[in-house]
Structures are given as C-alpha cells and as structure tokens.
Amino acid sequence: MRPEPRILISGDSAFRSGVGAALGTTWSVLEAANVAEAADALHAARPEIVIVDLRPGADGHAVCRRIKGSAATRLLPVIAFVGDEGDAMIAALDAGADHVSYWPPQGAEMQARIRAVLRNRAATERLEDATQVIFALANAVEAKDAYTEGHTERVGALADEVGRLAGLDDDTREALRQGGVLHDIGKIGIPNEIINKAGRLTDKERIVMNKHPIIGERICEPLKSLRHLLPIIRWHHERLDGTGYPDGLKGSQFPLPPQILQLSDIYDAITTDRPYHRARTRAGAVEFLYNEAKKGWRDATLVGLVARAAESLGLGRTRDEDIPPPPAPMGQWRTE
C-alpha cells in the first residue's frame, strides 16, 4: 500500500493556514516557516510536492532556489502563489516554480491541481525507475570484464571535462557524462568470449562486436529521457573520414558530442590494462590519438583538449616503468 502523499507548505503562518484550509484533509501536510525549516523537511520527510509563497516579502524564492539547485530535489514539483502585481507570475516561473496561481487559493482548483501534479509525478517516477534499470544494465556490462572496472566513470568524467574546455553548455556536458556510462550498454548482447578475447578479433567476431552501438541504441530508444543520448551511443565508433561504423558518417555528419565521447573512450581504453594489449602512458596515448588524427579519423583540436583534460584530471600513468607487462603479445591493439 502506497503511503499517503506528503505536501510541504512553506511560508508564514497566515500563508500556511490559507493553503491548509484549501487543501482540506485529503493529504498529509508538513509545514515550514522559513528556508532552514524547509531544507530540514525536504531532507527528513521527502515530500511529493512543495507549496511556496512567492508574494512580496516572503522567502519563497530562496526555497525554490534550494529545491531546484540540488540534484536530489530538482524534479520535485513546486506550486507557488503570487500576488497580482505586474510580472509576478513570470518572476515565479523564472525562480523555478512549476505551477503558479494567484493568491488566495481556491479549494476545488487547488485540490484538482494537486491531483494533477501527483499523477505527473507518478509517471515521472516510473520513468526514473526504468532509467535506473538501464543504468544498472550498463554497470552489469562493465562487470562482465574485470579489466574495465571504473571505465565508464572515467570516460564520462573525461568527456565532461573536454566538453568544458570546448565551451559546451551544461546540458551537453551532462549528456557526455551519462553517455560515458551508457555508450557500451549494447555489449550486453555480445558474447563474453569476444569481449574478453586476448588478441585480435576474427572477421566474424568483428562483425558481431560492431553491432554493439546499434544494440545499445535499441535498448535506450524507448525511454524519452535517454533519447538525447542516442547519437552518442550509436556513433561513438564513427570516423571523420567515413570509415567508422555503424553508419559511415563523414566530416560534418559526425556530431561533436559523439566525437568527444569517442576520444575519451579510446584514451581510457589504451591507458588501462586490458587482456588484449599493454597500457600506454598518458603521453603515449595522446601520441596515438594524434596519429589517428593524421589518418583523418579524429579531430586534432579535440585530441589536444583530451590531452589537457586528462592531465587536469590525472588520468593515465605518466611513467612507462609503472605499467605492468602486457597480458597479450604486442601489436594486438583494440580500442573498443
């Protein structure tokens, strides 16, 4: 049985009393007189909805900023009440309110609005649950290969930093970080003996391995919350000269985010120990990527940003003597 929805009302006593009367006795109500009390209630009680006072003189704007500024609560629905002055409604929406009404609250309308918000929140939670399953699958893929522990986290962090150096916006950088986790999720459909093979893949094995971007895209495509990541997942093995897979993109057809993710992925793959090659130093990995840029496969400017980002994050060994002997004969490099 689902617990009774909790609604947090933040404002002075008159505001809390007015909203409480409009809500009636249908829901469990929590009260906060100021920002500090609201913060405590958010942490301790985890309400489903917050109702704030954004009229002049109230501190509801600070409450909104507190809610929307934290990753843990930014999806929490906020209903705000404003006065009838000028652009109060616009200011409330800019402050982070999801729904705005004029004071005083009307009982029937208030209750209908709460029901609508709770329906939307339930749908969002189901979507979040499904998204978490996808991320769990991605972690399961990484767990299939003992050599790749921490790979997705490092790739995401490196891609994010490269995105910052490239001047990309926050949403794109977050997509790069998430793409770092999900880019190889399609490998869940690839046999372990191919993923962990110590040596070059045969032509038939390569055909199977090269399907993993398409498999990954199909896994994530049904979820709208992940669709912005599909280009990163599908195209992280393309090349600028059109010789990559699965679509043979060429030049400007190959978007910047997948390029950044790809370079970050390759960098981490060749600076960490794998069953099919000996790791390279940071300088060796950057040289490797520059050589691929000379072949027309990668963007040299982006390679330079990867070098800067890897140094700032301390990724990759700097001394050759710190790298253990190769587990497989040299010359059997793979970067997937």
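If you take the Cα Rg of segment 245-307 and divide it by 2.2 N^0.38 Å, with N the number of residues, what do you get?
Taking N as the residue count of segment 245-307, the ratio is 1.13.
Across Pro213, Pro105, Pro255, mean-square fluctuation computed from a Gaussian network of the chain (C-alpha pairs under 10 Å connected) peaks at Pro105. For the chain, the relative contact order is 12 percent, taking Cα pairs closer than 8 Å that sit 6 or more residues apart in sequence and dividing their mean separation by the residue count. Listed by chain and number, the lysines placed with their C-alpha closer than 16 angstrom to that of Lys295 are Lys250; residues fewer than eight positions away on the same chain are left out.
If you take the alpha carbon atoms of segment 179-327 and fit the smallest convex hull around them, that volume is 115 Å³ per residue. For the chain, a Gaussian network of Cα nodes joined below 10 Å ranks Ala62, Ala307, Ala166 by mean-square fluctuation, and the top entry is Ala62.
Taking amide H as placed 1.01 Å from N in the peptide plane, Arg239 has its amide H under 5 Å from the amide H of Gly244, Tyr245, Leu249, each at least 5 places away in sequence or on another chain. Hey, if you put +1 on the Cβ of every Lys and Arg and -1 on every Asp and Glu Cβ in the chain, which of Ser13, Pro47, Thr243 ends up farthest toward the positive end of that dipole? Value computed over the given set: Thr243.
Model label sites at Thr202 and Ala91, defined 7 Å from Cα along the beta-carbon direction, differ in position by 7.3 nm. For segment 72-88, the Karplus equation 6.51 cos²θ - 1.76 cosθ + 1.60, evaluated at θ = phi - 60°, returns couplings of 6, 10, 5, 8, 5, x, 10, 9, 10, 10, 10, x, 9, 6, x, 9, 4 Hz by residue, with Gly and Pro reported as x.
Only protein heavy atoms count here; under a 1.4 Å probe, Tyr245 has an accessible surface of about 40 Å². Evaluate E = 1/(1 + (r/R0)^6) for Asn210 and Ala283, where r is the Cβ-Cβ distance and R0 equals 25 Å; express this FRET efficiency to the nearest 0.05. It comes to 0.25. Entry note, the chain: the mean residue ellipticity at 222 nm calculated from DSSP H runs of n ≥ 4, each adding -39500 (n - 2.57), is -16000 deg cm²/dmol after division by the residues and rounding to the nearest 500. In this simple spin-label approximation, Thr26 and Ser70 carry label points 7 Å from Cα along the Cα→Cβ vector, and these lie 2.7 nm apart. Which angle from 0 to 90°, rounded to the nearest 10, does the C-alpha axis of helix 13-23 make with the longest principal axis of the chain? With both axes taken from Cα atoms, the answer is about 80 degrees. The label point for Asp40 and the one for Ala108, both projected 7 Å from the Cα toward the Cβ, are 3.9 nm apart. A Stokes-Einstein calculation at 4 °C with viscosity 1.567 mPa s, built on the Kirkwood radius of the chain over Cα pairs, returns a diffusion coefficient of 57 µm²/s.
The values are calculated or read from the model by the stated rules, or taken from the named source; none is laboratory data. The structure presented is a predicted model; accordingly, all values stated were derived computationally and were not measured. Note that each Cβ is placed from the backbone with ideal geometry, even for glycine, and that neighbours are counted across all protein chains shown. Ligands, DNA and RNA are excluded from the accessible area calculation, which covers all protein heavy atoms including side chains. Shrake-Rupley method; radii C 1.70, N 1.55, O 1.52, S 1.80 Å.
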